Amino acid sequence: MSAKAKRNIDKGKKALAQKNFAAAGTFFEEAVTLDKEAHAGWFGLGEVALAIGQPDTATQFLEEAVRLKPDMPRYLQRLGEVYGRDKRAGEGIKLLNAAHRKSPKDTGILVSLSGAYVAAGNWLKAYEALQELVRHPHPKAAHFCLLGLAAQSIGEVDAALTAFKRATRMEPNYPDAWLSLGHLHLSKDRLAEATECIEHLFALAPQQASTLQLVGELEMARSNWGEAARLFCMALEKNPDSDILQARLALMLTLSGDAVGAVDAMTRANEMGVPEEWILEQLGYLFVKRYDLDTAQENLEMSLERNPDNLNALNSLFVVYSKQGKSALARETAEKILQKDPKHVSALVNMGGWCNDQARGMEAINYYQRALKLAPESGTAYSNYLWTIIHSSEHDADEILQVARAYDERLCRKYCRQDDFADRDRDPERRLKIGWLTSDMRQHPVAAFVIPFLRFLDRHQLEVVLYHNTALEDDNTRLAKMSVDKWREVQAIGDDALADLIRADGIDILIDLNGNTEGHRLLAMARKPAPVQVTWLGFPGTSGLSVMDYIFIPPDPVLEKGAWCTETPWPLADCYGVRTNIPNEPILPGLPCERLERPFAFACLNNFRKVSQHAIRLWSEILTRAPESRLILVARGGQDESLKTYIGSQFARHGIAPERLDIRGLAPMKTYFNSYNEADLCLDPFPFNGGTTGYDSIWMGAPFVTWPGDALASRMGRIILKNVGLDELIAETPEAYVDIAVALSRDLPRLKALRANLRERMQASPLMDAPRMARSLEQAFRGMWRRWVESGAK
């Protein structure tokens, strides 16, 4: 390079540092005119172009600088950053990695690399880059803040908490650290900790809009609507163009009862592009999530007063009515949506759910098929379709299998990754990493069956990682957290990122605890992130996924043949699951019919949607042959007269008068358990048996009659009864099912003998032996792993 060109470059750098962009551009341009190989001049022109907002021109200059000097880390870094902004993230990441290899101690390059990974949606790689960054000497508080945000985005909430706290200790006067930490605490409902962060923020940046917004959100979480409104109003003074703040202000003023202020705020939000009905709709949705259904109903109805064509609000209102048990209103609402838009997929699915709750299986299936015709890749429609036909006596195991396979073919197979796990240690006896994927580690039947054995798993053999796909948290969640080695919250992570995370965690065996139920992550499992994948508990049937290797089953020769599933059945040693935390409600002495001086009571305390048409026929025959008896039933919306009339009509077709049916709504837990003290003999529904309810029934001293079918859902009752020595209540034919129930209603001494000490027998059985279940699972995992290793699986 000529001396004159070098002098121009030096002058250009000085002018650039002084933000004299015109002079800098002139000097750099003179340098490259004098010497076309002056890479520093081309780089300087790129910097000037970026500074004056000309990214396309900057890209051309920077590409020339890299062409001339491809080993210059600074050039590679800047061009990588520009590519990332220009939606060329992959190319940018390659350049930034090249820059990092050439200058591994440059922390600025690592910051840029992490940003590029974030832009590409790969938070896990960003997290790894930031971990490396903070291992360098003298990391900054800002670096730990970035690390915390990345950790939070991959579900490493504890790691995020540690990083944010480290940032606050390193630089107590850094507002962003307290802001990030406060948001994290608030997202976990840790209001006291969030309050402490806010106190620091107020000391550092009391008038900053983000500070005021965070405090407003804290007050909103505390239901202090008026104070939240005041804070959002103050934040708007600092950031008047924020439509989000304006919408939140309107919501808070509405909740606080300030009608005049709310109207004014809604008007402003509307002027900023936020529809008033949207505000009310969102408010309704907020209260649905809070299970304040009456307030949700009020706001959704107000939204619809303003815009009767707001189909989203109507759809949310349908959910409210359904949860309230207002069956007739729910149906009317869904029909309104379909009148306005016959192709509204969510309404079709919801209408199917309404029919399903009333055991109108064929009608429900018709709605799901219509939804799938309109949206062939609707996972929600498929999940509900499968859930319905598994309850239906009009569909056999082959038909269920066909639908499950269709789900796999249409939605899942395209995501399967060809991973041979070549980096995996194939020692058959080494410690294994076991991953559990679920949205139900909370007050839910799945948690009731999993939490008991988690702490008994041998940590010398297994490392236990749980991926939790919901923000909901309760005492069960906290107990589960204490029972695993690593807990990841993954509800905010996409399927690709979740699969990447599971793969990076080195999970050897991944267990899906949802199946095709609400909150599942089957599309993440479809990417095959673990060498061995298993499904269990959540959905008592096949997943249909070609990448699902095994399905856990109870020991059962019919199920072990596997004709009903796509997976290989793996029988557990004694039973399908264990429960140890059943409420200790007392069993009242004697037979209920004698103690209460009432007619003999048959009962099915499962949700009525489990009751198939064939079950109604057989139960009607039982009632006919035991003419003095009655039948207790439970249904969502069981207090709704239209639903009672419908259920009564189903039995009336078989000659059963409505007064012989005692139809009840879903009840609180204590009321539900005490209902067993009114039941002389329970009737297991089919083809979908009671699972959780079967355990509850035995626990409360109420035996049940079951008729096993040919698939997992229809053979759950059998294994429960076998474990407590009630084999004689397992019918081999539908005729035997009726005969057993009728005979026991006539032989009260025999029934008393069967009921005697049932709870004690259950407590002494494998059904409540958590350590035994842990040993069974350990043996299963070891067997699966050995089989994978021996097969040389690719």
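The values are calculated or read from the model by the stated rules, or taken from the named source; none is laboratory data. Note that this is a predicted model, so its numbers are computed, not measured. We place every Cβ from the backbone using ideal geometry, glycine too, and count neighbours over all the protein chains shown. Only protein heavy atoms, including side chains, enter the accessible area calculation; ligands, DNA and RNA are left aside. Shrake-Rupley method; radii C 1.70, N 1.55, O 1.52, S 1.80 Å.
Worth pointing out:
- On the basis of the beta-carbon distance and an R0 of 51 Å, D398 and T162 show a calculated FRET efficiency of 0.45.
- Shape class for segment 400-504, computed from the alpha carbon gyration tensor (a ≥ b ≥ c): oblate, with a/c not under 1.5 and a/b at or below b/c.
- Probing with 1.4 Å while keeping every protein chain in the model, the per residue accessible area of segment 722-790 equals 45 Å².
- Under 16 Å from K644, Cα to Cα: aspartates and glutamates that are on another chain or at least 8 residues apart: D357, E659, D662
- Segment 118-127 - phi-based ³J(HN,Hα) in whole Hz, Karplus 6.51/-1.76/1.60, Gly and Pro as x: 4, 4, 7, x, 9, 5, 5, 5, 4, 4
- Shape call, segment 593-735: gyration tensor on alpha carbons, a/c limit 1.5: rounded
- Building the convex hull from the alpha-carbon atoms of segment 193-242 and averaging its projection over directions returns 3.1 nm².
- Electrostatic bookkeeping for Y415 treats Lys and Arg as +1 and Asp and Glu as -1; over the other residues with beta carbon under 11 Å from its beta carbon, the sum is +2.
- With one equal scatterer per alpha carbon and no solvent term, the Debye-computed log10 I(q)/I(0) for segment 581-636 at 0.23, 0.25, 0.26 1/Å reads -1.01, -1.06, -1.08.
- Using 0.36 nm per residue and subtracting the Cα-Cα separation, the extra length available between E301 and D86 on full extension is 72.9 nm.
- Reduced Cα scattering model of the chain, Debye log10 I(q)/I(0), q = 0.05, 0.08, 0.11 Å⁻¹: -0.35, -0.84, -1.36
- Residues whose placed amide H lies under 5 Å from that of T535, excluding near-sequence neighbours: D512, Y550, I551, F552
- Using a cutoff of 8 angstrom between alpha carbon atoms and counting only pairs six or more residues apart, the relative contact order for segment 279-407 works out to 14 percent.
- Semi-axes of the equivalent ellipsoid for segment 671-772, computed as √(5λ) from the eigenvalues of its C-alpha gyration tensor and ordered from largest down, come to 19, 18, 13 Å.
- Rg [Å, one decimal], Dmax [Å, integer] - segment 507-605, C-alpha atoms: 19.3, 60
- Highest mean first, the peptides 519-532, 176-189 sorted by other C-beta atoms within 10 Å per residue fall in the order 519-532, 176-189.
- Excluding same-chain neighbours fewer than eight residues apart, the aspartates and glutamates reachable from K11 by a Cα-Cα span under 12 Å are E29, E30.
- Label-reachable residues, segment 475-506, where backbone N falls under 16 Å from a point 7 Å from K414's Cα toward its Cβ: 495-496
- Applying Stokes-Einstein at 10 °C and 1.306 mPa s to the Kirkwood radius of segment 488-557, computed over alpha-carbon pairs, gives a translational diffusion coefficient of 127 µm² s⁻¹.
- Listed residue pairs exceeding 28 Å between alpha carbons, taken from K486/K610; K14/K87; K125/K528; K323/K528: K486/K610; K14/K87; K323/K528
- Taking the C-alpha atoms only, the angle from helix 39-51 to the longest principal axis of the chain is near 60 degrees.
- Degrees separating the helix 613-625 axis from the principal Cα axis of the chain, which is the longest one: 30 degrees
- Apportionment of accessible area to carbon and sulfur, the chain, percent (1.4 Å): 50 percent
- Between R430 and V260, the FRET efficiency estimated from the beta carbon spacing at R0 = 60 angstrom works out to 0.30.
- Prolate/oblate/rounded label for segment 113-203 (Cα gyration tensor, a/c 1.5): oblate
- Compactness of segment 338-417, expressed as Rg and Dmax over alpha-carbon positions, Å: 12.7, 43
- Across the chain, the mean sequence separation of Cα contacts (distance under 8 Å, 6 or more residues apart), normalised by length, yields a relative contact order of 8 percent.
- At the residue level, K6 shows approximately 110 square angstrom of accessible surface with a 1.4 angstrom probe and all protein chains present.
- DSSP finds beta bridges in the chain, and of those with both partners inside it, around 0 percent are antiparallel.
- Residue-span extension gain [A422 to E29] - 0.36 nm each, minus C-alpha spacing: 136.3 nm
- Estimated vicinal HN-Hα couplings, Hz - segment 751-757 in sequence order (Karplus 6.51, -1.76, 1.60; Gly, Pro = x): 5, 4, 5, 5, 6, 4, 6
- Computed extension length for E363-K752: 135.9 nm, one decimal, from 0.36 nm per residue of separation with the Cα-Cα distance subtracted.
- Value in Å of the Kirkwood radius, where segment 81-155 supplies the Cα pairs that are averaged: 12.1 Å
- The long axis of helix 641-652 is offset from the longest Cα principal axis of the chain by roughly 50 degrees.
- Segment 735-764-segment 132-183 distance, computed between alpha-carbon centres (Å): 62 Å
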